[in-house]
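In what follows, a structure is listed as structure tokens, so that the remarks can point back to it.
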Amino acid sequence: PVLFLEVKPPFHLDHPSHRRRADAQVRERFYSLWVPGIPGQVLYGISAIGTTFAVYTLENDRITPVATPRSDDGMVDVAPGDRWEHDLV
């Protein structure tokens, strides 16, 4: 595979917990599809929430955008809404 797409309903963009789960799902999908040891392999993932979407890549065991670590108090938005910066409309 070279590309996968994860789709969520539009209202998920307004809730940090929904965005966090969408981000985590993309990262998990990368590792379920990744085939180690293929030189130059790049895998693309798209997380679509409504008509907006974020583009992720996995190359050399590194996912971009880099994951934001969760804080102990839960106050850090680990998947900020502006990550879904592209719009189909």
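The values are calculated or read from the model by the stated rules, or taken from the named source; none is laboratory data. Here the structure is a predicted model, which is why all the values come from computation and not from measurement. Don't worry about glycine lacking a Cβ; one is built from the backbone with ideal geometry, like all the others, and counts go over all protein chains shown. All accessible areas refer to the heavy atoms of the entire protein, side chains included, with ligands and DNA or RNA removed. Shrake-Rupley method; radii C 1.70, N 1.55, O 1.52, S 1.80 Å.
What the table below lists for this structure:
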| quantity | calculated |
| --- | --- |
| Matching residues, region 26-45, being open to solvent by 40 Å² or more (accessible area, probe 1.4 Å), within 18 Å of HIS12 (Cβ to Cβ) and either touching a residue at least 12 places away in the same chain (Cβ under 8 Å) or in a strand (DSSP E or B) (or both) | ARG29 |
| Criterion (under 16 Å from ALA22 (Cα atoms), modelled with pLDDT under 90 and of a type in the set (Val, Ile, Thr)) met by exactly one of THR57, THR68, THR64, THR51 | THR68 |
| Matching option when the condition is part of a loop (DSSP other than H, G, I, E, B) and either touching a Gly at 6+ places or on another chain (Cβ under 8 Å) or surrounded by 11 or more Cβ atoms within 10 Å (Cβ to Cβ) (or both), among ASP77, ASP72, ASP23 | ASP77 |
| Qualifying positions in region 46-63 - more than 30 Å from PHE11 (Cβ to Cβ) and either in a loop (DSSP other than H, G, I, E, B) or open to solvent by less than 40 Å² (accessible area, probe 1.4 Å) (or both) | ASN60, ASP61 |
